[in-house]
Amino acid sequence: TWTSASDIQIDHLIPLSEAWKSGASAWTTSKRQSFANDLTRPQLIAVTGSVNQAKGDKDPAEWMPPRTAYYCTYIRAWIQVKYYWALSIDQAEYNALYKYLYAC
């Protein structure tokens, strides 16, 4: 249980550096800003500072949320955001997404 707003941070589900490597580097500044501030898709989520720091700029091949009950929601959201913004996935990321999604 958290009692202070300072315990919570807003995290980019798809880290900005991950998006950059996945195709955002070719976008206009305006499109990158739209992605970074997207409130329509699950791109911005509230997390604890410790979770945000642990995740850093990792994709699902390198990091998953500490709550395994959240895995399916997390993976589906990751795919939804990547698909909407037409961001690529590398092979390790694909393998992790497949593995976790198959278990849902």
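The values are calculated or read from the model by the stated rules, or taken from the named source; none is laboratory data. Remember, it's a predicted structure, so these values are computed and weren't measured experimentally. All Cβ positions, even for glycine, are placed from backbone atoms using ideal geometry, and neighbour counts span all protein chains on display. The accessibility values were calculated without ligands, DNA or RNA, using every heavy atom of the protein model including side chains. Shrake-Rupley method; radii C 1.70, N 1.55, O 1.52, S 1.80 Å.
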- State the Kirkwood hydrodynamic radius of the stretch 59-104 in Å, one decimal place, computed from all pairs of distinct Cα atoms. 10.7 Å
- Alpha-carbon Debye profile of the stretch 1-48, log10 I(q)/I(0) at 0.14 Å⁻¹: -0.41
- Query: Rank Leu39, Leu44, Leu16, Leu97 by accessible area, highest first, at a 1.4 Å probe radius?
  - Reply: Leu39, Leu16, Leu44, Leu97
- Query: Leaving out ligands, DNA and RNA, what percent of the accessible area of the chain is carbon and sulfur, probe 1.4 Å?
  - Reply: 55 percent
- Over the stretch 32-97, calculate the relative contact order: mean separation of alpha carbon pairs under 8 Å at least 6 apart, over the residue count, as a percent. 38 percent
- Note on the structure: Filtering trypsin sites (Lys or Arg not before Pro) in the stretch 40-81 by DSSP loop and by at most 11 other Cβ atoms within 10 Å leaves Arg67
- More than 22 Å apart - percent of Cα-Cα pairs taken over the chain: 29 percent
- Message: Straight-line reach only, C-alpha to C-alpha below 19 angstrom: list the aspartates and glutamates that Lys99 could link to, leaving out same-chain residues fewer than 8 apart.
- Response: Asp59, Glu62, Asp90
- Message: So, taking all protein chains as they sit and a 1.4 Å probe, how much accessible area belongs to Asp90, in Å² rounded to tens?
- Response: 80 Å²
- Message: Give me the dipole magnitude in Debye, nearest 20, for the chain about the Cα centre, with unit charges on the beta carbon: positive for Lys and Arg, negative for Asp and Glu.
- Response: 200 debye
- Under the Karplus curve 6.51 cos²θ - 1.76 cosθ + 1.60, θ = phi - 60°, whole-Hz ³J(HN,Hα) for the stretch 37-46, x wherever Gly or Pro sits: 10, 5, 9, 7, 9, x, 7, 10, 10, 8
- Message: Given the -39500 (n - 2.57) contribution per DSSP H run of 4+ residues, what per-residue ellipticity at 222 nm results for the chain, rounded to the nearest 500 deg cm²/dmol?
- Response: -13000 deg cm²/dmol
- Query: What ranking of Ile79, Ile10, Ile45 comes out by heavy-atom accessible area, probe 1.4 Å, highest first?
  - Reply: Ile10, Ile79, Ile45
- Note on the structure: Sorting Leu16, Ser34, Pro65 by the position of each Cα along the dipole of the stretch 9-104 (Lys, Arg +1; Asp, Glu -1; all at Cβ), the one nearest the positive end of that ordering is Ser34
- Task: Mind giving me the FRET efficiency for Tyr71 and Ser6? R0 is 25 Å, r the Cβ-Cβ distance, nearest 0.05 is fine.
- Result: 0.35
